[in-house]
1. Are any residues in region 158-180 open to solvent by 100 Å² or more (accessible area, probe 1.4 Å) and of a type outside the set (Lys, Arg), and if so, which ones?
2. Can you tell me which residue among Leu133, Leu155 is open to solvent by 60 Å² or more (accessible area, probe 1.4 Å), modelled with pLDDT of 90 or more and either more than 14 Å from Ala88 (Cα to Cα) or not small (Gly, Ala, Ser) (or both)?
3. Please go through region 93-102 and give me each residue that is without any contact (Cβ under 8 Å) to a residue 60 or more places away in the chain and touching a helix residue (DSSP H, G or I) at 6+ places or on another chain (Cβ under 8 Å), ordered by number.
4. With the condition being in contact (Cβ under 8 Å) with a residue 40 or more places away in the chain, I'd like the helices (runs of 4 or more DSSP H) fully within region 116-198 carrying at least 2 qualifying residues.
Amino acid sequence: MEQQRSPVAKLREISSKLGKETEKLALHVLDHPLFAVWSGSGLSFVHHYGRGQLAQHTLEVVELALLNNEYFKALGKGVRDDLLFLAALFHDVGKIRDYTPLPPDSSVSRDAYQEWVSTESKSKIYHITHSALAWNEAFNEDGHHLSTEEKEEVLHAILAHHGRHEWKSPVEPKTRMAWLLHLSDNMSARIDDCVKVRPKS
């Protein structure tokens, strides 16, 4: 029986099909040492909690966004796959700065899910802003084919991915790409909310 590939391996494969420049930008997320193991707060009401779930959620959002984009491209309403992929890949990477792993000798009570704790940065800056900053850093560090306008298309989608101001979104979606990302992110999160097996209290 073939062993199932990890979310990070699947994301690498998708990025490799979108061109060398896209693949290089993707490495800023995929090579981050915490991306594959991030488990966040471990709180039972947070979607995709648990070890490796940031990568899993990101894969779901990438695949949903690209699948939905195929439908709309057939209607002449789609967007560029490479830009949509980058927006989906970077949209939550800032969560790595919102939480930090508990040290092995920590006195904080934990269970199988409670491996990370919130940082001060979470309340001051929040992951959406950190994700936008990570995208800016990647764009500025690497030589690539993207224009400033294309960079800002991706940036807007990242900043708008929560969809509403009351859901801590700095801006609301104004473009097709931003709506594709927001709706794909929301679908992944809400479906996970419905099916996740919660830890016993």
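1. The first filter runs over region 158-180 and keeps only residues open to solvent by 100 Å² or more (accessible area, probe 1.4 Å), leaving 164-168, 174, 176, 179.
Scanning region 158-180 gives His165, Glu166, Trp167, Trp179.
2. On the way: Leu155 fails: open to solvent by 60 Å² or more (accessible area, probe 1.4 Å).
Among Leu133, Leu155, only Leu133 is open to solvent by 60 Å² or more (accessible area, probe 1.4 Å), modelled with pLDDT of 90 or more and either more than 14 Å from Ala88 (Cα to Cα) or not small (Gly, Ala, Ser) (or both).
3. Gly94, Lys95, Arg97, Asp98 - these are the residues of region 93-102 that are without any contact (Cβ under 8 Å) to a residue 60 or more places away in the chain and touching a helix residue (DSSP H, G or I) at 6+ places or on another chain (Cβ under 8 Å).
4. Result: 127-141, 148-159, 176-195.
The values are calculated or read from the model by the stated rules, or taken from the named source; none is laboratory data. Predicted, not measured: the structure shown is a model, and the values here were computed from it. Positions of Cβ are generated from backbone atoms using ideal geometry, with glycine treated the same way; all protein chains shown enter the neighbour counts. We work out accessible area using only protein heavy atoms, side chains counted, and drop any ligands, DNA or RNA first. Shrake-Rupley method; radii C 1.70, N 1.55, O 1.52, S 1.80 Å.
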